Amino acid sequence: MEYWDVYNKKGKWKRRVIRKGERLKNNEYHIIVEGWILRDDGNFIIQRRALEKKSFAGMWYCSAGGSVISGETPKEGMIREFKEELGIDIDSDELRLKRIIIDKNTIFYIYLVHKNISLDDITLQAEEVMAVDIADPAKIKKMIEDKTFIGLDYYEKFFEGIFK
């Protein structure tokens, strides 16, 4: 069973832990991390979520992401998610925090990693990820329009900030 720490809107731990799936009260938040791997060729590693996932099953998504579990920092959670979902090791100093977004009962930490990773270097966690691919921002935008990629509000500013 997975447990999550509960935070206030400013990201301070409220000394409370809940089980995954348990409802958060008003003014309570949990942390989700999302990581984007950008290669030197200007392409991102993207993943297709497994069909068994409860949310966004079969849709394309950033390189890796998920909930931070109890006792982890956002960076530790991001490193774990890269290892679990893609079988790749990312060092803490490779993670660049690009933005923090608060939406509903979630605090999202969005990370960027500059690293040349080949699709051959990736080992998929079958229960989480069904495929990986590479894509530039234009391809990702088209996939969002086609409703095959999870469309989140921060993407446009995120990509603009990277390629300025």
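The values are calculated or read from the model by the stated rules, or taken from the named source; none is laboratory data. Just so it is clear, the model here is predicted, and its values are computed rather than measured. Here Cβ is always computed from backbone atoms with ideal geometry, including for glycine, and neighbour counts include all displayed protein chains. Ligands, DNA and RNA are stripped out before the accessible areas are found, and what is left, the full protein with its side chains, is counted by its heavy atoms. Shrake-Rupley method; radii C 1.70, N 1.55, O 1.52, S 1.80 Å.
Criterion applied to 69, 90 was being part of a loop (DSSP other than H, G, I, E, B), in contact with a helix residue (DSSP H, G or I) (Cβ under 6 Å, 6 or more places away or on another chain) and not polar (S, T, N, Q), and the one residue passing it is 90.
Here's a check for you: in segment 1-21, which residue that is of a type in the set (A, V, I, L, M) and outside any loop (DSSP other than H, G, I, E, B) is surrounded by the most Cβ atoms within 10 Å (Cβ to Cβ)? Result: 6.
Rundown of residues vs (1) closer than 21 Å to residue 147 by Cα; (2) open to solvent by less than 40 Å² (accessible area, probe 1.4 Å); (3) in a loop (DSSP other than H, G, I, E, B); (4) modelled with pLDDT under 95, yes/no style:
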site: 23; (1), (2), (3), (4): no, no, yes, yes
site: 36; (1), (2), (3), (4): yes, yes, no, no
site: 48; (1), (2), (3), (4): yes, no, no, no
site: 53; (1), (2), (3), (4): yes, no, yes, yes
site: 110; (1), (2), (3), (4): no, yes, no, no
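If the condition is being in contact (Cβ under 8 Å) with a residue 24 or more places away in the chain and either part of a helix (DSSP H, G or I) or open to solvent by 50 Å² or more (accessible area, probe 1.4 Å) (or both), then segment 113-127 contributes 114, 115, 116, 119, 121, 123, 124, 126, 127.
In segment 82-93, the residues that are within 8 Å of residue 37 (Cβ to Cβ) never reach a residue that is of a type in the set (Gly, Ala, Ser) and at pLDDT below 95 with C-beta atoms less than 7 angstrom apart, at least six apart or across chains.
Checked against (1) under 19 Å from residue 134 (Cβ atoms); (2) part of a loop (DSSP other than H, G, I, E, B); (3) open to solvent by less than 80 Å² (accessible area, probe 1.4 Å), residue 41 passes all but a single condition, namely (3).
Among the residues examined, residue 57 does not qualify as in contact with a helix residue (DSSP H, G or I) (Cβ under 9 Å, 6 or more places away or on another chain), open to solvent by less than 50 Å² (accessible area, probe 1.4 Å) and of a type in the set (Gly, Ala, Ser). Restricting attention to segment 74-101, the residues that are open to solvent by less than 40 Å² (accessible area, probe 1.4 Å), of a type outside the set (Gly, Ala, Ser) and under 11 Å from the mean Cα position of the chain (by Cα) total 5.
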